[in-house]
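Working notes, structure below.
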Amino acid sequence: MRSHYCGQLNETLVGQEVTLCGWVHRRRDHGGVIFLDMRDRDGIAQVVVDPDTQDAFATADRARSEFVLRIRGRIRLRPEGTQNPNMPTGMIEVLAKDVEVLNSAATPPFQLDEHGKVGEEVRLKHRYIDLRRPEMIDKLRLRSRITHSVRAYLESQGFLDIETPILTRATPEGARDYLVPSRTHEGHFFALPQSPQLFKQLLMVAGLDRYYQIAKCFRDEDLRADRQPEFTQIDLEASFVDEDAIMGITERMIRQLFQEVLEVELAEFPRMPYAEAIQRYGSDKPDLRIPLELVDVDDLMKDVDFKVFSGPANADDGRVAALKVSGGARLSRKEIDEYTRFVGIYGAKGLAWIKVNERAKGLEGLQSPIVKFMDGIVEALLNRLGAEDGDIIFFGADKTRIVNEAIGALRVRLGEDLDLYTRAWAPLWVVDFPMFEADDAGRLSALHHPFTAPSCSPEALKDDPANALSRAYDMVLNGTELGGGSIRIHDQGMQRTVFEVLGIGEAEAEEKFGFLLDALRFGAPPHGGLAFGLDRLVMLMTGARTIREVIAFPKTQSAADLMTDAPGEVSAEQLKDLNIRLRQKARVTAGDE
């Protein structure tokens, strides 16, 4: 039906006849001549409809925004003074000969031009209209370029594109699974995969050697800006590799991707142990664009007459850390109060601070509600932090986990608010993760997953599991975890040891992972892999604020689809067919209140 996309038109086509199909982006009537800005996937082109072409003019006269038209006409240069060099098609226009309405349109619920301001809820309700906006199309186009580049690179490295099942069985983290009832197996359920982890390991046991997949995954959990109940992974696994091999393959992939798609040459990827990242930045995914670091001052605070500091400083599970912000003394009390509320989100009970106005004056040159407790340690404190006039120092004092999370998040917030970024892109690898993490009751769980290989022997793992390190690695970019992976356990004995440390008995291990343990008996090769969050990657590369901006049909933060009104109720007949009965919520009567 068309000869060209609107965005393809340029000066080289002057004099040619073209046929365009698309939507009316804007209609203008100027002194008897009608101008139609025609929009399609590739861009916008200006169409001029002259009253001399009576039928075309009459049709254009009744066209409105978002009408679907087919237009045949001749390309000509725009008259002098009306050209728009900021627009790809701004030097030419189409003089229409025929205008045909392919479909009319109701008035859209919001404007589609750059001036339209509309809430996200309305946009998601009418996503098919929201996706017509050029900026949304550009994001999805870039997403397509990213997946194309990734596929081409991995296939050039010998990886095979292999699909793994969507209907599988529940994982040990069953509370996060989406369950699917089976009609043919009464009382039994499939689960949608949180990742293809076990299947890709089995592909390595099968001898496929190198696997990849652009995989749909599902997780029923609370959402954030970079989380969705269904998300997409760039998933890969390889045999006969170590950490350096997997990290090298994937680092080269990301470098090539940024160069091809954004024409950006990424800097070196430093490697940072997990413990160092937590100690210096309070996070296992530090944003290295921000030149702020947490500094331990526990030793200075042990004997101060201020229990808020001395308590955590003397506790085995406590930490007192300081964060110096150069030039931060200009922050107002209102701004400091806002940061105090912000760290409260992470469990901090408050946010102590000191403004360094004139260091040479000692205590008198400092402004702070806590400075009266600092007599005797001020000079040592300021020296350790390298504080100068005009700086502000923030303090976190609490359990180590709370200090790391609160002050680590404050560091990121300050970097954004004060525009402290020193570069556009800051990649790194975080390595040497702990094998396990303990909850408040001391119970151990796998920090990544129970199939990650430890860096020690089975005997050493059983003797001191709390201090065991894993062979895991995360790629981080600008404070966002792009992907995580590990070398996997390929020995059945080691896998059983890990299950034992996690409190998974032999019977439970056989029930849930018997197929994996059985497979490991039959010559499993050393193998490892990594999974990238495609949605996060596209979010970063497009500069979007949330991954909802780079997914065609996302869910809301409450995991709802406003457009299709999902999830929804199903009929009693369907439930009966699946042998499911819903529990009725008890009705509250006036007498029960």
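The values are calculated or read from the model by the stated rules, or taken from the named source; none is laboratory data. Fair warning: this is a prediction, and the values are worked out from it, not measured in the lab. Using ideal geometry, Cβ is built from the backbone for each residue, glycine included, and neighbour counts are taken over all protein chains shown.
Could you tell me whether the range 570-583 includes any residue that is under 20 Å from the mean Cα position of the chain (by Cα) and assigned by TED's automatic domain parsing to the domain that holds Tyr128? Full working, then the answer.
Going through the range 570-583, the residues under 20 Å from the mean Cα position of the chain (by Cα) turn out to be none.
No - not one qualifying residue is present in the range 570-583.
Quick check on Leu482: is it at negative phi, assigned to a strand (DSSP E or B) and at pLDDT 95 or above?
Here the answer is yes, as Leu482 does meet what is asked.
Looking at the structure I just gave you, is Gly187 out of contact with any helix residue (DSSP H, G or I) (no Cβ under 7 Å at 6 or more places or on another chain), of a type outside the set (S, T, N, Q), surrounded by fewer than 19 Cβ atoms within 10 Å (Cβ to Cβ) and modelled with pLDDT of 95 or more? Reasoning before the result, please.
Details: out of contact with any helix residue (DSSP H, G or I) (no Cβ under 7 Å at 6 or more places or on another chain): yes; of a type outside the set (S, T, N, Q): yes; surrounded by fewer than 19 Cβ atoms within 10 Å (Cβ to Cβ): yes; modelled with pLDDT of 95 or more: no.
So Gly187 fails the test.
Name the residue, out of Glu573, Glu593, Glu511, that is surrounded by fewer than 19 Cβ atoms within 10 Å (Cβ to Cβ) and either of a type in the set (Lys, Arg) or modelled with pLDDT of 90 or more (or both).
Exactly one of Glu573, Glu593, Glu511 is surrounded by fewer than 19 Cβ atoms within 10 Å (Cβ to Cβ) and either of a type in the set (Lys, Arg) or modelled with pLDDT of 90 or more (or both), namely Glu573.
For a quick check of your reading of the model, give me the residue pairs whose first member lies in the range 369-382 and is at pLDDT 90 or above, whose second is buried (at least 18 other Cβ atoms within 10 Å of the Cβ) and small (Gly, Ala, Ser), with beta-carbon atoms closer than 6 Å and at least 6 apart or on different chains.
Listed by first residue and then by second, the contacts come to Ile370/Ala352.
Got at least one residue in the range 400-417 being more than 36 Å from the chain's Cα centre (by Cα) and surrounded by fewer than 16 Cβ atoms within 10 Å (Cβ to Cβ)?
Within the range 400-417 (the criterion being more than 36 Å from the chain's Cα centre (by Cα) and surrounded by fewer than 16 Cβ atoms within 10 Å (Cβ to Cβ)), the answer is no, since none of the residues qualifies.
Restricting the range 234-246 to residues that are over 14 Å from Met475 (Cα atoms) and in contact with a Pro (Cβ under 9 Å, 6 or more places away or on another chain), which is surrounded by the most Cβ atoms within 10 Å (Cβ to Cβ)?
Of everything passing the filter in the range 234-246, Glu237 is surrounded by the most Cβ atoms within 10 Å (Cβ to Cβ).
For every residue, the table says whether it meets (1) β-branched (Val, Ile, Thr); (2) closer than 30 Å to Gln495 by Cα.
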residue: Val371; (1), (2): yes, no
residue: Asp389; (1), (2): no, no
residue: Ile393; (1), (2): yes, no
residue: Ala453; (1), (2): no, yes
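Please go through the range 549-570 and pick out each residue that is of a type in the set (S, T, N, Q) and in contact with a helix residue (DSSP H, G or I) (Cβ under 8 Å, 6 or more places away or on another chain).
Scanning the range 549-570 gives a single hit, Thr556.
Considering only residues that are within 18 Å of Leu292 (Cα to Cα) and surrounded by 14 or more Cβ atoms within 10 Å (Cβ to Cβ), which ones fall in the range 247-272? Break it down stepwise before answering.
We begin by selecting, within the range 247-272, every residue within 18 Å of Leu292 (Cα to Cα); these are 270, 272.
Of everything in the range 247-272, just one residue is within 18 Å of Leu292 (Cα to Cα) and surrounded by 14 or more Cβ atoms within 10 Å (Cβ to Cβ), namely Met272.
When both residues are 6+ apart or on different chains and their Cβ atoms are under 8 Å apart, which pairs have a first residue that lies in the range 385-410 and is without any contact (Cβ under 8 Å) to a residue 24 or more places away in the chain, and a second that is surrounded by 17 or more Cβ atoms within 10 Å (Cβ to Cβ) and among the acidic types (Asp, Glu)?
Partner pairs satisfying both residue conditions: none exist.
Of all residues in the range 397-408, count the ones that are more than 15 Å from Leu300 (Cβ to Cβ) and assigned to a strand (DSSP E or B).
Adding up the residues that qualify gives 2.
Is the range 128-139 home to any residue that is acidic (Asp, Glu), in the same structural domain as Ile547 (by TED's automatic domain parsing) and surrounded by fewer than 17 Cβ atoms within 10 Å (Cβ to Cβ)? Before you say what the answer is, go through the steps one by one.
Restricting attention to the range 128-139, the residues satisfying the condition of being acidic (Asp, Glu) are 130, 135, 138.
From what is left, the residues that are in the same structural domain as Ile547 (by TED's automatic domain parsing) are 130, 135, 138.
With surrounded by fewer than 17 Cβ atoms within 10 Å (Cβ to Cβ) added as a condition, the list becomes 135, 138.
There is at least one residue in the range 128-139 that is acidic (Asp, Glu), in the same structural domain as Ile547 (by TED's automatic domain parsing) and surrounded by fewer than 17 Cβ atoms within 10 Å (Cβ to Cβ).
Quick one: which residue in Val101, Val150 is of a type in the set (A, V, I, L, M) and more than 30 Å from Gly15 (Cα to Cα)?
Residue meeting the stated conditions: Val150.
Looking only at residues in the range 346-396 that are β-branched (Val, Ile, Thr) and part of a loop (DSSP other than H, G, I, E, B), which one is farthest from Glu335 (Cα to Cα)? Talk me through it step by step, then tell me what you get.
First, pick out the residues of the range 346-396 that are β-branched (Val, Ile, Thr): 354, 356, 370-371, 377-378, 392-393.
Now narrow it down to the ones that are part of a loop (DSSP other than H, G, I, E, B): 370, 377.
Details: Ile370: 18, Ile377: 27 Å.
By that ranking, first place goes to Ile377.
In the range 66-125, which residue that is within 30 Å of the chain's Cα centre (by Cα) and among the small types (Gly, Ala, Ser) is farthest from Arg39 (Cα to Cα)?
Gly119
For the range 159-175, give me the residue count where each residue is in contact with a helix residue (DSSP H, G or I) (Cβ under 8 Å, 6 or more places away or on another chain) and modelled with pLDDT of 95 or more.
4
Considering each residue of the range 421-437, count those that are surrounded by fewer than 18 Cβ atoms within 10 Å (Cβ to Cβ), farther than 16 Å from Tyr274 by Cα and of a type outside the set (Ser, Thr, Tyr), and give that number.
Total satisfying the criteria: 3.
For every residue, the table says whether it meets (1) touching a Phe, Trp or Tyr at 6+ places or on another chain (Cβ under 6 Å); (2) within 27 Å of Phe258 (Cβ to Cβ).
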| position | (1), (2) |
| --- | --- |
| Phe394 | yes, no |
| Asn404 | no, no |
| Ile407 | no, no |
| Val412 | no, yes |
| Tyr421 | no, yes |
| Leu447 | yes, no |
| Ala453 | no, no |
| Ala466 | no, no |
| Glu481 | no, yes |
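I'd like the residue in the range 295-333 that is small (Gly, Ala, Ser) and in a strand (DSSP E or B) and, out of all such residues, is surrounded by the fewest Cβ atoms within 10 Å (Cβ to Cβ).
Of everything passing the filter in the range 295-333, Gly318 is surrounded by the fewest Cβ atoms within 10 Å (Cβ to Cβ).
So that you can scan it fast, the table gives a plain yes or no per residue for (1) of a type in the set (Ser, Thr, Tyr); (2) touching a Gly at 6+ places or on another chain (Cβ under 8 Å); (3) under 25 Å from Glu510 (Cβ atoms):
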site: Leu140; (1), (2), (3): no, no, no
site: Thr147; (1), (2), (3): yes, no, no
site: Gln157; (1), (2), (3): no, no, no
site: Pro165; (1), (2), (3): no, no, yes
site: Ala170; (1), (2), (3): no, no, yes
site: Ser182; (1), (2), (3): yes, no, yes
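Quick grid of which residues meet (1) under 24 Å from Pro273 (Cβ atoms); (2) among the small types (Gly, Ala, Ser); (3) not in a strand (DSSP E or B):
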| site | (1), (2), (3) |
| --- | --- |
| Tyr473 | yes, no, no |
| Ile487 | yes, no, no |
| Val498 | yes, no, yes |
| Glu511 | no, no, yes |
| Asp535 | no, no, yes |
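Which of (1) buried (at least 16 other Cβ atoms within 10 Å of the Cβ); (2) part of a loop (DSSP other than H, G, I, E, B) does Pro525 not meet, given it meets every other one?
(1)
Based on this model, can you work out whether Thr542 counts as farther than 28 Å from Pro181 by Cα and in contact with a helix residue (DSSP H, G or I) (Cβ under 7 Å, 6 or more places away or on another chain)?
Taking the combined requirement at face value, the residue satisfies it.
Kindly establish whether Glu276 is more than 21 Å from the chain's Cα centre (by Cα), on the phi < 0 side of the Ramachandran plot and outside any loop (DSSP other than H, G, I, E, B).
Answer is yes for this residue.
Among Asp440, Asp417, which is out of contact with any Leu (no Cβ under 8 Å at 6 or more places or on another chain), outside the structural domain of Leu520 (by TED's automatic domain parsing) and over 25 Å from Phe269 (Cα atoms)?
After ruling out the rest, the residue left standing is Asp417.
So which of Ser156, Ser149 ends up being without any contact (Cβ under 8 Å) to a residue 40 or more places away in the chain and either farther than 21 Å from Asp535 by Cα or in contact with a helix residue (DSSP H, G or I) (Cβ under 6 Å, 6 or more places away or on another chain) (or both)? Full working, then the answer.
Working: Ser149 fails: without any contact (Cβ under 8 Å) to a residue 40 or more places away in the chain.
Ser156 is the lone residue from the list that is without any contact (Cβ under 8 Å) to a residue 40 or more places away in the chain and either farther than 21 Å from Asp535 by Cα or in contact with a helix residue (DSSP H, G or I) (Cβ under 6 Å, 6 or more places away or on another chain) (or both).
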